[in-house]
Amino acid sequence: MFSTIQGFRRDLHQIPELELHLPKTKEYLIRHLQSLPCMLSSPIESSVLAYFDNGKASTIAFRSDMDALPIEEKTTVTYHSQHPGQMHACGHDGHMAMLLGLALRLPQILASLPHNILLIFQPGEENPGGARLLCESGFLERFHVRRIYGMHLWPQLPAGVIASRPGEMMARSSEVNIDIQGKSVHAASYGEGIDALEIACRYLCDLYAMERAIDPAQYRLLRFGVLHSGTIRNVVSDHARLEGTLRACQEAVFAHMKNELTHIAERYAPARFSFSFSEGYPALINDPALFQQAQDLLPQLICLEGPQLITEDFSWYLQHVPGVFFFLGTGTGIPLHSDHFDFDEHILMQGIEALVTLCHST
């Protein structure tokens, strides 16, 4: 079976597509699913749902993302991307291969399972958030989904190791843009102006002090990577712009930091502040009871010490039904979104076996 799974992954690696428009990927998945005893549907553009009806009242769902990244691949592998400027640099080709592998196993085990099984191939994880669009289609209710599982390749874990944790797994995030309007004067008369650059620097230090004061056990992050200000060395800048990211695993912590951004700005009147926040994805919170059940079924499952302060739109499903998200180690250390991202496909077999086992959960 390994050669089949490897073939799936390498075929898909060569046809990376972006966001919600994935016609070649969708066609490939349907071609390999249509001979299996499942009902296929596509609630949103490029999505593929494979429903294995076992005549039960409830359904367990398993999700794989499908989309690639706008990255020019720089590996030298024979299965190199055939789409210039696009690459499966986040492991979604491996995720699809695992779910196809599970699909091949289901006909042999379906009759022994206590649920129906739904396989979700979802576009738009990287952007714009295909999980939310799928949830809005009503498919969870239509197929009576009672729980959902997902798995993501993870370079920081040893090859084949599966890990997760109860509760906080990944963060809610928002991109933050802050514009500060001051008053421009010649540097020799700086007291008559409102120095937006100085205010931005002081304000930034205040924000970082606010974040550091939060209990470290409340997983959170506030960082700015861009500060633009000024036009010439001897003129007080009348405008500064900060661009950063706000992340937290608990809604109350996220709201507190967001409110403090505006509250701290009040110290710097009469400078005028304006803010914009992207919506981002919700925090990914694993269901503790389902995590414990998974740990009982998968004795090899490692419990992570803390969450990752990155985002994953799998969290949208968990706004509707309980579930667990897992990491599957690649052991390479090559980071996600790298133009050299690659992995040994043998690890996918451990992932498939774990998914098969989870099918038997009660």
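The values are calculated or read from the model by the stated rules, or taken from the named source; none is laboratory data. These figures come from a predicted structure and were not determined experimentally. So basically every Cβ, Gly included, is an ideal-geometry build from the backbone, and we count neighbours across all protein chains shown.
Quick check on my filter: what residues within the stretch 322-346 are surrounded by fewer than 16 Cβ atoms within 10 Å (Cβ to Cβ) and either within 22 Å of PHE291 (Cβ to Cβ) or in contact with a helix residue (DSSP H, G or I) (Cβ under 9 Å, 6 or more places away or on another chain) (or both)?
Residue satisfying the conditions is HIS346 alone.
Test LEU284 against the criterion of being among the hydrophobic types (A, V, I, L, M, F, W, C) and within 15 Å of SER164 (Cα to Cα), and give yes or no. Please lay out each step first, then the result.
Values: among the hydrophobic types (A, V, I, L, M, F, W, C): yes; within 15 Å of SER164 (Cα to Cα): yes.
Answer is yes for this residue.
Taking the conditions exactly as written (in contact with a His (Cβ under 9 Å, 6 or more places away or on another chain) and of a type in the set (A, V, I, L, M)), does ALA103 satisfy them or not?
When the stated conditions are applied, ALA103 passes them.
Could you list, ordered by first residue, the pairs with Cβ atoms under 8 Å in which the first is in the stretch 196-214 and at pLDDT 95 or above and the second is crowded, with 18+ Cβ neighbours inside 10 Å and among the hydroxyl-bearing types (Ser, Thr, Tyr), at least 6 apart or interchain?
Between residues of the stretch 196-214 that are at pLDDT 95 or above and residues that are crowded, with 18+ Cβ neighbours inside 10 Å and among the hydroxyl-bearing types (Ser, Thr, Tyr), the close pairs are ALA196/SER229; ALA196/SER237; LEU197/SER229; LEU197/SER237; ILE199/TYR268; ALA200/SER229; ARG202/TYR268; TYR203/TYR268.
Out of the stretch 259-275, which residues are within 28 Å of the chain's Cα centre (by Cα) and buried (at least 17 other Cβ atoms within 10 Å of the Cβ)?
GLU260, LEU261
In the stretch 188-199, which residue that is hydrophobic (A, V, I, L, M, F, W, C) and assigned to a helix (DSSP H, G or I) is surrounded by the most Cβ atoms within 10 Å (Cβ to Cβ)?
It comes out as ALA196.
For the structure I just gave you, tell me whether GLN295 is in contact (Cβ under 8 Å) with a residue 12 or more places away in the chain and of a type in the set (S, T, N, Q). Write out each step before concluding.
Numbers: in contact (Cβ under 8 Å) with a residue 12 or more places away in the chain: no; of a type in the set (S, T, N, Q): yes.
In short, no.
Taking ASP179 and the conditions (1) surrounded by fewer than 13 Cβ atoms within 10 Å (Cβ to Cβ); (2) charged (D, E, K, R); (3) in contact (Cβ under 8 Å) with a residue 40 or more places away in the chain, which numbered condition does it fall short on, given that it satisfies the others?
If we test ASP179 against (1) surrounded by fewer than 13 Cβ atoms within 10 Å (Cβ to Cβ); (2) charged (D, E, K, R); (3) in contact (Cβ under 8 Å) with a residue 40 or more places away in the chain, just (1) comes out false.
Pull up the stretch 78-92, narrow it to residues that are buried (at least 18 other Cβ atoms within 10 Å of the Cβ) and in a loop (DSSP other than H, G, I, E, B), then point me to the one that is farthest from the chain's Cα centre (by Cα).
The selected residue is SER81.
Per-residue answers, yes or no, for (1) without any contact (Cβ under 8 Å) to a residue 12 or more places away in the chain; (2) touching a helix residue (DSSP H, G or I) at 6+ places or on another chain (Cβ under 9 Å); (3) closer than 12 Å to GLN122 by Cα; (4) buried (at least 22 other Cβ atoms within 10 Å of the Cβ):
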residue	(1), (2), (3), (4)
GLN6	no, yes, no, no
SER46	no, yes, yes, yes
TYR51	no, no, no, no
ALA68	no, yes, yes, yes
THR76	yes, no, no, no
GLY94	no, yes, no, yes
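Would you mind finding the one in LEU106, LEU119, LEU99 that is surrounded by fewer than 24 Cβ atoms within 10 Å (Cβ to Cβ) and assigned by TED's automatic domain parsing to the domain that holds GLY138? So that I can check it myself, show each step before the final result.
On the way: LEU119 fails: surrounded by fewer than 24 Cβ atoms within 10 Å (Cβ to Cβ); LEU99 fails: surrounded by fewer than 24 Cβ atoms within 10 Å (Cβ to Cβ).
Going through LEU106, LEU119, LEU99 in turn, the sole match is LEU106.
Is it fair to say ARG146 is assigned to a strand (DSSP E or B) and surrounded by fewer than 22 Cβ atoms within 10 Å (Cβ to Cβ)?
Taking the combined requirement at face value, the residue satisfies it.
Test ARG202 against the criterion of being assigned by TED's automatic domain parsing to the domain that holds HIS263, farther than 24 Å from LEU309 by Cβ, charged (D, E, K, R) and in a loop (DSSP other than H, G, I, E, B), and give yes or no.
For ARG202, the condition - assigned by TED's automatic domain parsing to the domain that holds HIS263, farther than 24 Å from LEU309 by Cβ, charged (D, E, K, R) and in a loop (DSSP other than H, G, I, E, B) - is not met.
Quick check on TYR268: is it in contact with a helix residue (DSSP H, G or I) (Cβ under 8 Å, 6 or more places away or on another chain) and assigned by TED's automatic domain parsing to the domain that holds ASN177?
yes
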